[in-house]
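Enquirer: Below are the structure tokens for one structure; questions will follow.
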Amino acid sequence: MAELIPTPERMKRSQRPMPEQDPKKRVCNFDEVPLGYTTEDAIYEAQRCLQCNPPPCVEGCPAEIHIPQFILKIVEEDFASAYLEILKTNSLPTMCGRVCPQEEQCQRACVYNKMGRPISIGRLEQFVSDWARKQNTKEKLPDSKKKGKLVAVVGSGPAGLTCAADLAKMGYNVTIFEALHKTGGVLTYGIPEFRLPKKIVEYEVDKIKDFGVKIVTDFVVGLTKGVDELAGEFDAIFLANGAGAPQFMHIPGENLNDVYSANEFLTRSNLMKAYKFPEFDTPIKVGKKVAVIGGGNVAMDAARTALRLGAKEVHVVYRRTKEEAPARAEEIAHAEEEGIMFDFLTLPVRTLGDEKGNVTGMECIKMRLGKPDQSGRRKPLPIEGSNFVMQVDMVICAIGTTANPIVARSATNVQTNKRGYFTVDEKTRATSREGIFAGGDITRGSATVISAIGDGKKAARAIDRYLSSGGSLKKSKK
Amino acid sequence: MYKIITKREIAPNIISLEVAAPLIAKRVKPGQFIILLVDERGERIPVTIADYNRENGLIRIVFQVVGKTTAQLYQMNEGDQLFSLVGPLGNPSEIDNYGTVVTVGGGTGIASVYPITRELKEAGNRVISIIGAKTRDLIIMEDEMKKASTELLVTTDDGSYARKGFVTEILDEVLQKEKDVKKVWAIGPAPMMKAACEVAKPYGVETIVSLNAIMVDGTGMCGSCRVTVNGETKFVCVDGPEFNGHLVDWPEFMNRLARYEKMEKHSLEAYRKACRGENG
């Protein structure tokens, strides 16, 4: 068994890099890019942990994972216990290990971060949860008393799954309603296979079903049944239906045939498996030269997907610079390694097409950075007369999403803000209507999987308090 | 899973299915649609709901075999299950007592216009309906449409049955004769809907069309179905499917309908070939 090593030696070690698929090979497949730590990698990295008390990293984790404890179990080569330690607070560890922006969360708080080499907490979490998945270990639920109360969860993305799992563990009877034919929300339709394999999402969802959570697919809350109707059938409701509606630039030529929203492009590829056409029936087009508009993780996902689908050249067009781009540094680096080209300080003003609707080019204007704006980032300003045409035959718009109003329209007295997101109490995720809670992107706009998980946890706790103190939607007024 | 309860070939290559979908049957209103998947590898396709029975929980859809998914549906039998069925999607038709209205159905568009026609008549309107198809065999739901409307006019492109001519020609005649038509609903292939709008425009009669755009989720998430209406981008799935046809950018809409034409053809041919292989 490995053991903790003396502190000075621990501090000398540098971060163990993640083994990855060769960029030249991986652009030709949809397999996962990081290969995962070996046992030796994991122990080496885990031994670096200083086991701080109190641990600053935990403060940075919305899923409240007992980080030093699980890392210590890795050192002790007791991976089963490490896994159980994570599961105490986080029901979706195989996903968090992969897609959390750890550099903004736990790893930012790590004492080693000042030296630029924080413990690779995410990689360790991925190692442990993958180990457990391969062992097919079933977590034994603590015997919680059945509470006999019904909770409806709207949406099976990270917020909904987390809230449902936590409530089921407490003994509640939970039903998730999902609009699509598959569960997972953005984990399934949004994040590509090469970043989050769908068999992993399915594995996590199955685990949550094992907790007794019922999942109803093909059910659009707001259309198949309204929130008001569900309120007559359930004791509490958690709304986690996602941000939903794709934004466009509102520039001429935006509805030409080969202008996609990132949502459409990724949904076709990820959810419908269009990358396996004609084995799967859903078609997808990919141009020879593709422009992806935007600087976030979704833009990186769309660009890297286009490359894998056979595009010869893919450009990410972003109006600010690399420093301001909201995508994770790791995602930008992966895209660069794969040969994606970046056109920073560039703003599309018009998409050009022929009479059949085919894209023939995109007119852009060059930008420069001015003074900081409300977001604190320097504001991009157009440089007059710098217009030029990019020769592209496909455009993917990845500039974010807005609230989809379908759910809100069916929910009397559940307030939304002027952008259409549910307004909630930050701590309890309670909406303006008693017994109805909300979390994830439909309360904050496009954010991260981990913030959605954090919301799900907070809501589960608040719902438990509400129901334990005798509250019930069925009894309350609209 | 959603069980097919009845299946009828109501015209060559045009199938009518009744599917058990109690939740949808309970809430659906004329003008709304569903999205279905034949199997796990299938494509999500939108189909307008042709009829529903709130008591027995059945919805009815009518479709023509045009691509792989509809070819697969054609092969399915009573008792078989659809992999996925979701709805009711989109906004219902704006039914009101307008006075005199005209509903026009071309081809399988007849099935879409049928529940709207029925509801308009029930709401107190005098409903003149015009249905048409290429040829006699392809006229569907004539008896139902007769019952649903105040007056029914039938036409075939080749004159093999009833009047010879396009539905738009009959529409022109009706609008000439009837001075007080308040609204027209025209549903069918895109060129027919566009032509109906052109016919009705000089009479100043608002013409509602139901757009059969390409969709994926059908709930406003992907934007595949976007269309320019009155200079603004709209999503057919959540803002429609019905729009004032005079405001629709038809060339753009028709271009977007043809986005996957080649791939759709390839899919159907491969499927046909595989079927032949299995049979022979």
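Enquirer: May I ask you to say which residue of A:T346, A:T360, A:T402, A:T416 is of a type in the set (S, T, Y), within 26 Å of A:K285 (Cα to Cα) and out of contact with any Gly (no Cβ under 9 Å at 6 or more places or on another chain)?
Expert: Just a single option satisfies the conditions, and that option is A:T346.
Enquirer: Still on this structure, please answer the following. Of the residues A:V128, A:V99, which is more than 30 Å from A:K475 (Cα to Cα), at pLDDT below 95, among the β-branched types (V, I, T) and surrounded by 19 or more Cβ atoms within 10 Å (Cβ to Cβ)?
Expert: Working: A:V128 fails: at pLDDT below 95.
Just a single option satisfies the conditions, and that option is A:V99.
Enquirer: Which is more than 25 Å from A:L352 (Cβ to Cβ), more than 14 Å from chain B (Cβ to nearest Cβ) and crowded, with 22+ Cβ neighbours inside 10 Å, of A:I237, A:I332?
Expert: Working: A:I332 fails: crowded, with 22+ Cβ neighbours inside 10 Å.
A:I237 is the lone residue from the list that is more than 25 Å from A:L352 (Cβ to Cβ), more than 14 Å from chain B (Cβ to nearest Cβ) and crowded, with 22+ Cβ neighbours inside 10 Å.
Enquirer: Any residue that is at pLDDT 95 or above, under 17 Å from the mean Cα position of the chain (by Cα) and closer than 30 Å to B:E40 by Cβ - is there at least one of those in segment B:111-133? Write out each step before concluding.
Expert: Keep residues of segment B:111-133 that are at pLDDT 95 or above, which gives B:111-133.
Checking the rest, the ones that are also under 17 Å from the mean Cα position of the chain (by Cα) come to B:111-120, B:129-133.
Filter again for closer than 30 Å to B:E40 by Cβ, leaving B:111-112.
Yes, segment B:111-133 has at least one match.
Enquirer: List the number of the failed condition for A:S269; all other conditions in (1) closer than 20 Å to A:T305 by Cα; (2) surrounded by fewer than 23 Cβ atoms within 10 Å (Cβ to Cβ); (3) more than 9 Å from every other protein chain (Cβ to nearest Cβ) hold.
Expert: Going through (1) closer than 20 Å to A:T305 by Cα; (2) surrounded by fewer than 23 Cβ atoms within 10 Å (Cβ to Cβ); (3) more than 9 Å from every other protein chain (Cβ to nearest Cβ) one by one, A:S269 breaks only (2).
Enquirer: Looking at segment A:244-264, which of its residues are facing chain B (nearest Cβ under 9 Å) and closer than 25 Å to A:M95 by Cα?
Expert: Across segment A:244-264, the qualifying residues are A:G244, A:A245, A:P246, A:S261, A:N263, A:E264.
Enquirer: Next question. Scan segment A:451-464 and tell me whether some residue there is modelled with pLDDT under 95, under 23 Å from the mean Cα position of the chain (by Cα), hydrophobic (A, V, I, L, M, F, W, C) and outside any loop (DSSP other than H, G, I, E, B).
Expert: There is at least one residue in segment A:451-464 that is modelled with pLDDT under 95, under 23 Å from the mean Cα position of the chain (by Cα), hydrophobic (A, V, I, L, M, F, W, C) and outside any loop (DSSP other than H, G, I, E, B).
Enquirer: Shifting gears a bit: For segment B:33-51, how many residues are surrounded by fewer than 23 Cβ atoms within 10 Å (Cβ to Cβ) and within 17 Å of B:R118 (Cβ to Cβ)?
Expert: Qualifying residue count, segment B:33-51: 1.
Table: residues versus (1) of a type in the set (V, I, T); (2) more than 11 Å from chain A (Cβ to nearest Cβ); (3) out of contact with any helix residue (DSSP H, G or I) (no Cβ under 7 Å at 6 or more places or on another chain).
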{"site": "B:T70", "(1), (2), (3)": "yes, yes, yes"}
{"site": "B:E78", "(1), (2), (3)": "no, yes, yes"}
{"site": "B:I95", "(1), (2), (3)": "yes, yes, no"}
{"site": "B:T100", "(1), (2), (3)": "yes, yes, yes"}
{"site": "B:I110", "(1), (2), (3)": "yes, yes, no"}
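Enquirer: Please return the ranges of helices (runs of 4 or more DSSP H) entirely within segment A:220-309 where 2 or more residues are more than 19 Å from B:S224 (Cβ to Cβ) and out of contact with any strand residue (DSSP E or B) (no Cβ under 6 Å at 6 or more places or on another chain).
Expert: Qualifying helices (runs of 4 or more DSSP H): A:227-231, A:297-308.
Enquirer: Which members of segment A:200-223 meet the condition of being within 14 Å of chain B (Cβ to nearest Cβ) and free of Cβ contacts under 8 Å to residues at least 24 places away in the same chain?
Expert: A:E202
Enquirer: Another question, then. Looking only at residues in segment A:367-390 that are free of Cβ contacts under 8 Å to residues at least 40 places away in the same chain and either surrounded by 17 or more Cβ atoms within 10 Å (Cβ to Cβ) or on the phi > 0 side of the Ramachandran plot (or both), which one is nearest to the other protein chains (Cβ to nearest Cβ)?
Expert: The extreme case among them is A:G385.
Enquirer: Within segment B:218-268, which residues are over 19 Å from the mean Cα position of the chain (by Cα), at the interface with chain A (Cβ under 9 Å from one of its Cβ atoms) and on the phi > 0 side of the Ramachandran plot?
Expert: B:G220, B:G223 - these are the residues of segment B:218-268 that are over 19 Å from the mean Cα position of the chain (by Cα), at the interface with chain A (Cβ under 9 Å from one of its Cβ atoms) and on the phi > 0 side of the Ramachandran plot.
Enquirer: Which of (1) modelled with pLDDT under 90; (2) hydroxyl-bearing (S, T, Y); (3) surrounded by fewer than 19 Cβ atoms within 10 Å (Cβ to Cβ) is the odd one out, the single condition A:S472 does not satisfy?
Expert: Here A:S472 clears every test but (1).
Enquirer: Just to verify a result, which residue in segment B:17-44, among those that are closer than 24 Å to B:E94 by Cα and β-branched (V, I, T), is nearest to the other protein chains (Cβ to nearest Cβ)?
Expert: Ranking the candidates gives B:I24 first.
Enquirer: From the list A:A168, A:A159, A:A152, A:A179, which one is free of Cβ contacts under 8 Å to residues at least 60 places away in the same chain and out of contact with any His (no Cβ under 7 Å at 6 or more places or on another chain)?
Expert: A:A168
Enquirer: Further, regarding this structure: Only residues in segment A:275-296 that are within 8 Å of another protein chain (Cβ to nearest Cβ) count as the first member; pair them with residues that are surrounded by fewer than 21 Cβ atoms within 10 Å (Cβ to Cβ) and in a helix (DSSP H, G or I), Cβ under 6 angstrom, at least 6 apart or cross-chain, and list the lot.
Expert: A:P278/B:A270; A:P283/B:M263
Enquirer: Moving to a separate point now. Give segment A:454-469 a look and list any residue that's surrounded by fewer than 16 Cβ atoms within 10 Å (Cβ to Cβ) and under 22 Å from A:S91 (Cα atoms), or say none. So that I can check it myself, show each step before the final result.
Expert: From segment A:454-469, those surrounded by fewer than 16 Cβ atoms within 10 Å (Cβ to Cβ) are A:465, A:468-469; that's our starting set.
Within segment A:454-469, just A:R465 meets the criteria.
Enquirer: Quick one: A:F437 ticks every box in (1) within 21 Å of the chain's Cα centre (by Cα); (2) not in a strand (DSSP E or B); (3) not polar (S, T, N, Q) bar one, so which box is it?
Expert: (2)
Enquirer: Now, a different point. Go through segment A:58-97 and report how many residues are assigned to a loop (DSSP other than H, G, I, E, B) and in contact (Cβ under 8 Å) with a residue 12 or more places away in the chain.
Expert: Qualifying residue count for the region: 14.
Enquirer: Taking the condition of being more than 19 Å from A:A398 (Cβ to Cβ) and of a type outside the set (D, E, K, R), how many residues in segment A:333-360 meet it? Outline the logic, then answer.
Expert: Filtering segment A:333-360 for residues more than 19 Å from A:A398 (Cβ to Cβ) gives A:337, A:352-358, A:360.
Filter once more, so that each one left must be of a type outside the set (D, E, K, R): A:352-353, A:357-358, A:360.
Adding up the residues that qualify gives 5.
Enquirer: Is it the case that A:A152 is at pLDDT 95 or above, crowded, with 23+ Cβ neighbours inside 10 Å and not in a helix (DSSP H, G or I)?
Expert: The answer is yes for A:A152.
Enquirer: Checking the structure you have, find out if any residue of segment A:396-419 is closer than 30 Å to A:L347 by Cα, in contact with a strand residue (DSSP E or B) (Cβ under 8 Å, 6 or more places away or on another chain), assigned to a loop (DSSP other than H, G, I, E, B) and modelled with pLDDT of 95 or more.
Expert: Looking through segment A:396-419, at least one residue is closer than 30 Å to A:L347 by Cα, in contact with a strand residue (DSSP E or B) (Cβ under 8 Å, 6 or more places away or on another chain), assigned to a loop (DSSP other than H, G, I, E, B) and modelled with pLDDT of 95 or more.
Enquirer: From B:E94, B:E78, which residue is in contact with a strand residue (DSSP E or B) (Cβ under 7 Å, 6 or more places away or on another chain), surrounded by fewer than 22 Cβ atoms within 10 Å (Cβ to Cβ) and not in a helix (DSSP H, G or I)? Steps first, answer last, please.
Expert: Values: B:E94 fails: in contact with a strand residue (DSSP E or B) (Cβ under 7 Å, 6 or more places away or on another chain).
One residue alone meets the criteria, B:E78.
Enquirer: If you don't mind, there's one more thing I want to ask. Among A:K138, A:K134, which is the only one that is surrounded by fewer than 21 Cβ atoms within 10 Å (Cβ to Cβ), in a helix (DSSP H, G or I), modelled with pLDDT under 95 and basic (K, R)?
Expert: Details: A:K138 fails: in a helix (DSSP H, G or I).
A:K134 is the lone residue from the list that is surrounded by fewer than 21 Cβ atoms within 10 Å (Cβ to Cβ), in a helix (DSSP H, G or I), modelled with pLDDT under 95 and basic (K, R).
Each row is one residue, and each column tells you yes or no for (1) part of a strand (DSSP E or B); (2) in contact (Cβ under 8 Å) with a residue 60 or more places away in the chain; (3) out of contact with any Gly (no Cβ under 8 Å at 6 or more places or on another chain).
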position: B:V86; (1), (2), (3): yes, yes, no
position: B:Y98; (1), (2), (3): no, yes, yes
position: B:G105; (1), (2), (3): yes, yes, no
position: B:Y114; (1), (2), (3): no, yes, no
position: B:K121; (1), (2), (3): no, no, yes
position: B:I130; (1), (2), (3): yes, no, no
position: B:K147; (1), (2), (3): no, no, yes
position: B:L153; (1), (2), (3): yes, no, yes
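Enquirer: Shifting gears a bit: Considering segment B:102-142 alone, what residues qualify as being touching an Asp or Glu at 6+ places or on another chain (Cβ under 6 Å) and surrounded by fewer than 24 Cβ atoms within 10 Å (Cβ to Cβ)?
Expert: B:K134, B:T135
The values are calculated or read from the model by the stated rules, or taken from the named source; none is laboratory data. Predicted model only: the values in this text are computed from it and were never measured. For neighbour counting, all protein chains shown are included, and Cβ atoms are generated from backbone atoms with ideal geometry for every residue, glycine included.
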